[in-house]
Amino acid sequence: MNKVFETPLYPYHRSPDQDAATPARHPVIVIGAGPVGLAAAIDLAQNDVPVIVVDENDKVSWGSRAICYAKRPLEILDRLGCGDEFVDKGVLWNLGKVFFGDRNIYAFDLLPEKGHKRPAFINLQQYHFEEYLVQRVLALQAQGKPIEIRGNNRVTHVEQGEKSVLLSIDTPDGPYQIACDWLIACDGATSPVRRAMGLDFVGRVFEDNFLIADVIMEAGFPTERWFWFDPPFNRNQSALLHKQPDNVWRIDLQLGHDIDKDEEKKHENVIPRLKAMLGEDAKFELEWVSIYTFQCRRMEKFRHNRVLFAGDSAHQVSPFGARGANSGVQDTDNLVWKLKLVIEGKAPESLLDSYDHECVMAAEENILNSSRSTDFITPKSDVSRNFRNAVLDLSEQFEFARPLVNSGRLSVPCIFDGSPLNSDDHPLLPTRTRPGAPASDAPVADGWLMDILGHGFQLLAINMAVPATMKVDGIAVSTVSVDTAANDPDGFIRERYLGEAEQAVYLVRPDQRIAARWIDFDKNAVATAVRRAIGLPVEDI
């Protein structure tokens, strides 16, 4: 067994807050030291916003759980200062294969174009993900950044006032209370905070059950995503195979809806299923076994005054498509810069409503794609199954049918079309980098574009002279200049940012999403766009 499961990474220590006569008050508290909560806390600390993470555990999650991390979250991890650790340890992959029965009907490439620093995906067990984030927290503490993790601190009650939130917490030394200006709930799918506030999900729960087995073995399978419809070793069901680091392989096997979960998890029942897939003579060891059901649900709102929900506490999707942890990390990427500006008094509290607007939009897109995947993988009628099988048969020879095959539309970032923070656009510029879209990476003379865009508001000036810095209502805006003649030998910047234009200037938000773009520089237009992007109404501009 991997010892990281058993090693306390943030052991319990008594805090001075437990001896305070009245509840100590902090700017931000994050509940949950999983991938989403730790990402939020690291981002806040890097922005010099004091933050405390409380978690009822003191070590990483049991089992690999989430394993597939997409290109955009990897770019966010780069900005959090720890992307290299994840990519160096993870299994990099862009390719996948789809099987129908015992036939490989086609293959796909999730990142066919060149000119990106990060791959389409890496596979990495969640316990490594959490371990590296905790190491990043410790590194920030060593730098004097205002971040703390309190292990074995279980939140038992949440009471929200008009200007603060009061938490009751149980510890090995007994209960205490602590207050905060803002609470970020990253406490998972069963979210005690959500329940304590009387809130719930809306959406669908699917009846089908899937077995997850993490298997330690040496195997010659390539580092690709393999998905089977109706394989010979799991008739009328589906299966999925992924490679992870350290010779650990993730196997998902569909079981159907009418099962005894406790019986199916027993090793004496799991082993025969795995041998049917891998061969009777296969040598392997089980590291972790679990059974899950699909859920495609979300909270109606992610912001409730001073309590903000992110990740699984706010929304749930099926694992096929790798949308859970990936969307959760993108939630915090969207939230933290806005919360920082509100705390500093540079933006109105209403800016946080745009977190709700944009991340509900992303959750809806993920739920839609996840529900469609589930319906395709687990057809609910003979007509649906016949249609699906016909599509699979056609896709073996005809490319037009392949987009209809849905073995889990894999995670891509949502584009926030219609966001209240979006501003000017120009029709000559490429659609992929329109307002609301994340910036697209490309090689530049100094390395990679996403690395040099930084953390704050930026102007990306391409083939034009723009002031190096400017200030808009206390918001600093710096400029990254790119000359395509000198810095874009392969034409990636021109393709992704110029299109039919010869020059352009982009306003990029602190989360590296496009807020506005023009083909000429106008200081007043930039100032207007910045003010819109921090939540000020147009009529006040």
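Each value in this text was obtained by applying a stated rule to the coordinates, not by laboratory testing. Here the structure is a predicted model, which is why all the values come from computation and not from measurement. Methodologically, a virtual Cβ is constructed for each residue, glycine included, from the backbone with ideal geometry; neighbour enumeration extends over all protein chains shown.
The table below gives the values:
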{"read-out": "5 angstrom amide H check on I291, placed H, neighbours 5+ away", "value": "I212"}
{"read-out": "Over the range 20-89, volume per residue of the alpha carbon convex hull, in Å³", "value": "109 Å³"}
{"read-out": "For the range 330-362 and the range 160-186, distance of Cα centres in Å", "value": "21 Å"}
{"read-out": "Alpha-carbon radius of gyration plus Dmax, which is the widest Cα pair, for the range 377-448 in Å", "value": "19.3, 57"}
{"read-out": "Nonlocal amide H pairs with F100, under 5 Å, H built at 1.01 Å", "value": "I105, F229"}
{"read-out": "Descending semi-axes in Å of the range 207-289, equivalent ellipsoid built from Cα gyration tensor", "value": "20, 15, 12"}
{"read-out": "Helix-only mean residue ellipticity at 222 nm for the chain, each DSSP H run of n ≥ 4 adding -39500 (n - 2.57), per residue, nearest 500", "value": "-8000 deg cm²/dmol"}
{"read-out": "Mean projected area (nm²) of the alpha-carbon convex hull when the chain is viewed from all directions", "value": "26.5 nm²"}
{"read-out": "Cα-based radius of gyration of the range 431-540 once divided by 2.2 N^0.38 Å, which approximates compact folds", "value": "1.01"}
{"read-out": "Packing-based exposure ordering (other Cβ within 10 Å, fewest first) of T171, T332", "value": "T171, T332"}
{"read-out": "For the range 383-459 and the range 112-129, distance of Cα centres in Å", "value": "16 Å"}
{"read-out": "Neighbour cut-off at most 10 other Cβ (10 Å), DSSP loop, GluC sites (Glu not before Pro), the range 186-225", "value": "E218"}
{"read-out": "Qualifying trypsin sites (Lys or Arg not before Pro) in the range 279-335, DSSP loop, other Cβ atoms within 10 Å at most 11", "value": "K283"}
{"read-out": "Whole-angstrom Cα spans of the range 399-496 along principal axes, big to small", "value": "50, 36, 26"}
{"read-out": "Share of pairwise Cα separations in the range 371-417, more than 14 Å, in percent", "value": "56 percent"}
{"read-out": "In order through the range 291-308: 3J(HN,Hα) via Karplus (6.51 cos²θ - 1.76 cosθ + 1.60), integer Hz, x for Gly, Pro", "value": "10, 10, 10, 6, 9, 10, 9, 8, 6, 5, 9, 9, 10, 10, 6, 9, 10, 10"}
{"read-out": "Shape parameters for the range 62-189, alpha-carbon atoms, Rg then Dmax in Å", "value": "20.3, 61"}
{"read-out": "Partner aspartates and glutamates for K275 [C-alpha distance under 12 Å; skip if fewer than 8 residues away on the same chain]", "value": "E285"}
{"read-out": "Net charge, A213 excluded, C-beta distance under 10 Å - Lys, Arg +1, Asp, Glu -1", "value": "0"}
{"read-out": "Cross-link pairs K59/K145; K340/K523; K301/K340; K266/K301; K89/K114 - those with Cα-Cα distance over 29 Å", "value": "K266/K301"}
{"read-out": "Within the range 44-137, GluC sites (Glu not before Pro) in DSSP loop having at most 12 other beta-carbon neighbours inside 10 Å", "value": "E113"}
